[in-house]
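The values are calculated or read from the model by the stated rules, or taken from the named source; none is laboratory data. Quantities reported herein were computed from a predicted structural model and do not represent experimental measurements. Cβ sites come from the backbone with ideal geometry, for glycine too, and all protein chains shown count toward neighbours. We work out accessible area using only protein heavy atoms, side chains counted, and drop any ligands, DNA or RNA first. Shrake-Rupley method; radii C 1.70, N 1.55, O 1.52, S 1.80 Å.
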Amino acid sequence: MKLSEKPIIITLDLHNCKYAYDIHQRIREAFDFPDWYGCNWSAFWDLLNEPREYTIVEVTGLSSLSKELYEYSKKIVELLEKNKKYYETFMEIQNQWDRRFDYKVID
């Protein structure tokens, strides 16, 4: 299988998010999720885990979130890491598709 040279870059900018709803709206926009996105972690995981081409997610603004939203920042990274590991395993088994996934936290 030929691996893609250039990944799809998704930028998730969380600067100026004051509420959990703001975070989920930024997620919906950055990942181009449908309008019916449920704005919760189960819905994020379900749509994040959909197969896509080689993708890198760049997260900015995590450190700008308030203390009240700290758990949200941890959950975002946790689910991105879970998805990365999932697709590493997937690629070992189904290497005919380039489903690499990675993320970077940029602050």
Output for Cβ contacts, cut-off 6 Å, separation at least six or different chains, first residue under 13 Å from VAL57 (Cα atoms) in segment 69-92, second open to solvent by less than 60 Å² (accessible area, probe 1.4 Å) and assigned to a helix (DSSP H, G or I), reads LEU79/TRP45; ASN83/LEU48
Selection from segment 70-99 of residues open to solvent by less than 90 Å² (accessible area, probe 1.4 Å), of a type outside the set (D, E, K, R) and within 20 Å of PHE31 (Cα to Cα) yields TYR72, SER73, ILE76, VAL77, LEU79, LEU80, ASN83, TYR87
Looking at segment 49-58, can you tell me whether even one residue there is over 9 Å from the mean Cα position of the chain (by Cα), of a type outside the set (S, T, N, Q) and not in a loop (DSSP other than H, G, I, E, B)? no
Quick one: count up the residues across segment 1-45 that are among the β-branched types (Val, Ile, Thr) and either without any contact (Cβ under 8 Å) to a residue 24 or more places away in the chain or part of a helix (DSSP H, G or I) (or both). 2
Give ILE23, ILE27 a once-over and let me know the one that is more than 11 Å from the chain's Cα centre (by Cα), of a type in the set (Val, Ile, Thr) and closer than 20 Å to ILE106 by Cα. ILE23
Residue under question is SER42, and the condition is that it be within 27 Å of LYS18 (Cβ to Cβ), open to solvent by 30 Å² or more (accessible area, probe 1.4 Å) and either aliphatic (A, V, I, L, M) or at pLDDT below 95 (or both); does it hold? no
Which residue is nearest to ASP102 (Cα to Cα), if the candidates are limited to segment 59-69 and must be assigned to a helix (DSSP H, G or I) and open to solvent by less than 40 Å² (accessible area, probe 1.4 Å)? LEU62
